[in-house]
Each structure stands twice: as C-alpha cells, then as structure tokens.
Amino acid sequence: MGFEDMPRIAVIVVAAGKSERFGGSESKILAKIDGRPIFLRSVEHFANRDDVCQTILVIAPGDEEQVKSKYGANLGFIGVKLVIGGARRCDSVANGLAAVVDEAEYVAIHDAARPCVSEAMIDQVFAEAAKSGAAILAAPLRGTIKKASEVGFVDETISREGLWEAQTPQVFKREVIVDAYAKCGEFPGEPTDDAQLVEALGHPVQLVESDFSNLKVTTQGDIALANSVIKGRPRPRPKGPLRPFEEAQW
C-alpha cells in the first residue's frame, strides 16, 4: 500500500486516569518500565508511523506541570499534542476528540497504561478498522470463569465460550466515534471503553485477536510483568533522527 493509499489516523493516548489502584505517591503514567515512563512507551508506538497523522496525549491536570517540564520539549519534537483531561475517562476522550485534525479519517484510542502493545497488534487492528469502520484488540478468555457473591463465595461457574477481554487500541471511522461521543450523555452509567458507545449506536465492532501480553498496568505488581514483556521484545527503531536525540534527552 502506497503512502497516498494509507488511511489517515489520529491517535489519542489517554493518560488522565486517577490511578487509585496503583498506589504510591507517583502518578502511574510516570512510573518507569525498563527505565522509561509508561506514557512515553505508549506514545512511541504511534508517533512515528506513516499512517498516523496526529498523536494526542491526554493527561490529568495534576500531571500537567511535571509532564511539560520534564518531557514537553521532547514531546513537541516528535509532534505529540498535549491535551488536558476531564473528571471522567469519557470527558478526557472527548477533549482529545475535539483536538483531532481535519485530515484524520480514523481515530484510534489507546490507554497509556498499555505500554506493551506490539507493532503487529497495531497493524492488525488498524487494517481491520479500515475495512469495517470499527475494530478493537481483544483477547479470548482462557481460564475458568467464576461469578462471586458479595461475601466472596462462588455463585456460579460461567462458560467462557464467546467471552473476550477488550483491550486497546480501539479504532473507529472518525464520524462514528464523534457521533458516539455526542450521545455519551444518554449512555446509562459510565462506559468502561469506547466500543460500548459505538455499540450503543448499533454500529458493529470487529474483534481483532490479541493476547495478554498487551496488559494494562493497574497495580504496582504489574510493573514487573510489563518489564518482562518489554525486555523480551526487540527494541523499536524510530525513523529519522529521533533515536540520537531521544538517547541524549529523555
């Protein structure tokens, strides 16, 4: 596929969560995985792709000063736009959507807390979204699933057939995700991912099989797992002069 035939994708990396389950005094997105902040590892997966026309990083107001002072110049160098998030995840994504450039045909939304997504996973979900208009990474559940009572006893064993864990990136044709977020206020409760809002429109969402190496860092214990995944993969080679600059500055 030539450059002119590639879909133009804006990527919103959401790093505005409260990280209440992570613990500690440091914001989760600033915690280091193999020596680099979680948010930076997530952003780097997208910032140098030929099919990505814009990378947006949405951060919490409380992280703004530290991110700008430590990493602002470098994020600017690789063309990452900073946006301040809102009180809820859906507010943060809506703020990111408002900053998407006109040339973007598709929007990919990725949790900054998933720094271990692979290039192959991104390639596959981007390609599927270009065909179907809405696609998400997901992993089929492998274990035995138990539903627990309020006091922790097993209520029932649930068949895992047809059950998947949704992951990110989640990629949508631009007008689809914009329409979905325009109706966010009508959604019952708080959506836990972007695909729920698209599903509520009646638009089909295609699953693209991933695996559990695309883990979400939620607790301190997840840092060790993410370190193992990152160290076990070849280091990406950014295009152009980014590597020498990056080595000296980050």
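The values are calculated or read from the model by the stated rules, or taken from the named source; none is laboratory data. Predicted model, so just to flag it, every value in this text is computed and none were measured. All Cβ positions, even for glycine, are placed from backbone atoms using ideal geometry, and neighbour counts span all protein chains on display.
Name the residue that is farthest from Q54 (Cα to Cα), counting only residues in the stretch 184-210 that are surrounded by 13 or more Cβ atoms within 10 Å (Cβ to Cβ) and of a type in the set (D, E, K, R).
E199
Scan the stretch 143-183 residue by residue and report those that are of a type in the set (A, V, I, L, M) and touching a helix residue (DSSP H, G or I) at 6+ places or on another chain (Cβ under 8 Å).
Matches in the stretch 143-183: A166, V171, V176, I177, V178, A180.
Taking K131 as the residue in question, decide whether it is among the basic types (K, R), surrounded by fewer than 13 Cβ atoms within 10 Å (Cβ to Cβ) and touching a strand residue (DSSP E or B) at 6+ places or on another chain (Cβ under 7 Å).
No; evaluated as a whole, the condition is false for this residue.
Regarding E64, is this residue within 23 Å of A31 (Cβ to Cβ) and acidic (D, E)?
Considered against the rule, which asks whether it is within 23 Å of A31 (Cβ to Cβ) and acidic (D, E), E64 comes out as yes.
Going through G133, G86 one at a time, which residue ends up being at pLDDT below 95 and of a type outside the set (F, W, Y)?
Going through G133, G86 in turn, the sole match is G86.
Can you name every residue in the stretch 87-131 that is within 16 Å of T168 (Cα to Cα) and assigned to a loop (DSSP other than H, G, I, E, B)?
Listed by number, the residues that qualify are A112, A113, R114, P115, C116, V117, S118.
Would the stretch 174-183 turn up any residue that is surrounded by 13 or more Cβ atoms within 10 Å (Cβ to Cβ), out of contact with any Asp or Glu (no Cβ under 7 Å at 6 or more places or on another chain) and over 17 Å from G133 (Cβ atoms)?
no
Is it the case, given these coordinates, that E64 is without any contact (Cβ under 8 Å) to a residue 40 or more places away in the chain and surrounded by 14 or more Cβ atoms within 10 Å (Cβ to Cβ)?
Yes.
Applying the selection to the stretch 169-220, what residues are in a loop (DSSP other than H, G, I, E, B) and among the hydrophobic types (A, V, I, L, M, F, W, C)?
Across the stretch 169-220, the qualifying residues are F187, L201, V205, F212, L215, V217.
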